[in-house]
Amino acid sequence: FYRRDYNIKTLTVGKMHVDGLSKIQISVPVDKRDVELLRRQIENLADVQWARLLDRNQTIMMEVCLMRLAYSSPQERRQIMSSAQPFQPRIRRMTDRTITLEIAENPELVDDFVEVMSHHNIFDMSRSGMTALGPGMPPERRDRDDTKAQ
């Protein structure tokens, strides 16, 4: 990616339902003419079984955000909850001085949540990066052998 001057916006890696395989999801801001070239280049890497582009309109995209906010009074806590209410976050933990909220939504909505909550005292925050499920089934697993490299 660096050599080709592509900037990775998000990178998410996790185990798959198939033993020995991991799923890597990469969000890269490139134009339409470069995206297929990038997909083919990724698919040609030795350890890659397949690479596919996900259509934004047919894909479920999610990101998890955990946010810990500090407050000094019950009134300030109510203001935090009032600001957060349109996003319907889960309250993960509450102490007498902090509240930890969780939101799992599309990345744009998470951006909006962070923007709204930035008017309060954000003590700590963690974002997972985008993860997604496209439509249908992935292509059949390709068997790689040493003869292909010749």
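The values are calculated or read from the model by the stated rules, or taken from the named source; none is laboratory data. From a predicted model like this one, the values you see are computed outputs, not experimental measurements. Glycine also receives a Cβ, built like all others from the backbone with ideal geometry; neighbour counts cover every protein chain displayed. Side chains are part of the model used for accessible areas, which takes the heavy atoms of the whole protein and leaves out ligands, DNA and RNA. Shrake-Rupley method; radii C 1.70, N 1.55, O 1.52, S 1.80 Å.
Could you pull out the longest piece of the chain with no exposed loop trypsin sites (Lys or Arg not before Pro) in it, calling a site exposed if DSSP puts it outside H, G, I, E, B and it has at most 16 other Cβ atoms within 10 Å?
Details: sites that count: 3, 4, 9, 52, 97, 141, 142, 144.
Counting only loop sites that pass the neighbour cut-off, the longest clear stretch is 53-96.
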*Rounded FRET efficiency, nearest 0.05, which uses the C-beta distance separating residue 92 from residue 43 and R0 of 22 Å*: 0.05
*Could you check how much of the accessible area of the stretch 1-123 is carbon and sulfur, as a whole percent, using a 1.4 Å probe?*
49
*asked:* Using the crude model of +1 on Lys and Arg Cβ and -1 on Asp and Glu Cβ, and no other charge, please compute the dipole size for the chain relative to its Cα centre, in debye to 20.
replied: 160
_Rg and Dmax of the chain, Cα atoms only, in Å_ = 20.1, 70
*Accessible area per residue in Å² at 1.4 Å probe, computed on the chain*: 74
*When only the heavy atoms of the protein chains count and the probe is 1.4 Å, how do 19, 31 rank by accessible area, highest first?*
19, 31
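I need the calculated FRET efficiency for the pair residue 76 and residue 12, taking r as the beta carbon distance and R₀ as 35 Å, to the nearest 0.05.
Here the calculated transfer efficiency is 0.55.
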